[in-house]
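Student: Next up is a structure, given as structure tokens.
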Amino acid sequence: MMQFSKWKIGAVALVCMLLPGSVHAQIVKNERLLSFEEKQVPAFVTTAAGSQLGISDEHYRDGDHSLSWTFEPGAALSIKKDLKFEKKDPTGKDTYLSAFIVWVYNEQAQDKQIRFEFLKDGKVCTSFPFGINFTGWRGAWVCYERDMQGTPEEGMDEIRIVAPDVKGKLFFDHLITASKVDARQQTATCRYRL
């Protein structure tokens with residue numbers, strides 16, 4: 001059996017105690033991923049008058065920040081950028097589907113829903129409701145062509161999140177506009193109701 005000196009054990013314990021404090025999250029950058037790690041809200045993310053957007057370190061899922069949205073009844077949060085949606089392969093050789101992925105943090109549960117809408121040139125192509133009767137983080141992996149209402153189109157250029165008929169505050173992080181997922185596998189639908 002191997003013997004360790006008290007000095008070696010103490011040195012290892014000291015390193016283990018100091019290491020977590022000096023390690024920071026590695027930031028992954030991709031044009032489809034919104035992680036909100038910049039100091040300011042991106043110019044392509046806006047909301048209606050009366051509602052507020054901010055970069056927050058209160059709650060985060062990826063990196064050290066998230067997007068906070070304090071909303072008024074019926075307000076909308078808009079993300080205007082190419083979503084990079086890709087249609088399902090009509091030949092069937094590629095069985096992957098394009099999915100929207102997002103994490104939402106709610107401090108106060110409300111028996112209401114927000115609505116995620118996906119637009120092309122100002123026209124809603126597809127959408128899905130997302131219940132907000134929870135606290136903490138909830139993730140959604142929603143396939144455009146299988147799980148949403150409506151018909152997605154290549155070239156979609158906006159995500160609109162519509163608030164319910166009450167005031168509230170939500171945090172969004174690790175938002176992926178379109179990611180290929182294996183259609184043969186079930187995906188988490190978390191807390192949205194159809």
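The values are calculated or read from the model by the stated rules, or taken from the named source; none is laboratory data. Note that the structure is predicted; figures quoted are calculated from it, not measured. A quick note on method: Cβ atoms are made from the backbone with ideal geometry, for glycine too, and the neighbour counts reach across all protein chains shown. For accessibility, only protein heavy atoms count, side chains too; no ligands or nucleic acids. Shrake-Rupley method; radii C 1.70, N 1.55, O 1.52, S 1.80 Å.
Student: For residue 95, are the conditions met, namely being touching an Asp or Glu at 6+ places or on another chain (Cβ under 8 Å), surrounded by fewer than 20 Cβ atoms within 10 Å (Cβ to Cβ) and touching a residue at least 12 places away in the same chain (Cβ under 8 Å)?
Tutor: On the way: touching an Asp or Glu at 6+ places or on another chain (Cβ under 8 Å): yes; surrounded by fewer than 20 Cβ atoms within 10 Å (Cβ to Cβ): yes; touching a residue at least 12 places away in the same chain (Cβ under 8 Å): yes.
Answer is yes for this residue.
Student: Looking at residue 107 and the list (1) in contact with a helix residue (DSSP H, G or I) (Cβ under 7 Å, 6 or more places away or on another chain); (2) over 17 Å from residue 82 (Cα atoms), which single condition is not satisfied?
Tutor: (1)
Student: For segment 108-129, does any single residue satisfy the condition of being in contact with a Ser or Thr (Cβ under 6 Å, 6 or more places away or on another chain), farther than 22 Å from residue 33 by Cβ and in a loop (DSSP other than H, G, I, E, B)?
Tutor: For segment 108-129, residues in contact with a Ser or Thr (Cβ under 6 Å, 6 or more places away or on another chain), farther than 22 Å from residue 33 by Cβ and in a loop (DSSP other than H, G, I, E, B): present.
Student: Test residue 32 against the stated conditions and say whether it is more than 22 Å from residue 168 (Cβ to Cβ) and surrounded by 13 or more Cβ atoms within 10 Å (Cβ to Cβ).
Tutor: Values: more than 22 Å from residue 168 (Cβ to Cβ): yes; surrounded by 13 or more Cβ atoms within 10 Å (Cβ to Cβ): yes.
The answer is yes for residue 32.
Student: Considering segment 114-147 alone, what residues qualify as being within 23 Å of residue 88 (Cβ to Cβ) and open to solvent by 20 Å² or more (accessible area, probe 1.4 Å)?
Tutor: Within segment 114-147, 117, 120, 121, 123, 124, 141, 145, 146, 147 qualify.
Student: On to the next question. Here are some residues: 109, 75. Which one is under 23 Å from residue 56 (Cβ atoms) and either of a type in the set (Val, Ile, Thr) or surrounded by fewer than 18 Cβ atoms within 10 Å (Cβ to Cβ) (or both)?
Tutor: Details: 75 fails: either of a type in the set (Val, Ile, Thr) or surrounded by fewer than 18 Cβ atoms within 10 Å (Cβ to Cβ) (or both).
The unique qualifying residue is 109.
Student: Could you list all residues from segment 119-156 that are touching a residue at least 24 places away in the same chain (Cβ under 8 Å), out of contact with any Leu (no Cβ under 7 Å at 6 or more places or on another chain) and among the charged types (D, E, K, R)?
Tutor: Result: 120, 121, 138, 147, 153, 154.
Student: I need a count of the residues in segment 51-64 that are in a loop (DSSP other than H, G, I, E, B) and either open to solvent by 60 Å² or more (accessible area, probe 1.4 Å) or closer than 18 Å to residue 177 by Cα (or both). Quick ask: steps written out before the conclusion?
Tutor: Keep residues of segment 51-64 that are in a loop (DSSP other than H, G, I, E, B), which gives 51, 57-64.
In the following step, the residues that additionally are either open to solvent by 60 Å² or more (accessible area, probe 1.4 Å) or closer than 18 Å to residue 177 by Cα (or both) were identified as 57-58, 60-63.
The number of residues fulfilling the criteria is 6.
For (1) within 22 Å of residue 55 (Cα to Cα); (2) under 15 Å from the mean Cα position of the chain (by Cα); (3) aliphatic (A, V, I, L, M), each residue gets a yes or a no:
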residue	(1), (2), (3)
104	yes, yes, yes
108	yes, no, no
131	no, yes, no
138	yes, yes, no
149	no, no, no
154	no, no, no
158	yes, yes, no
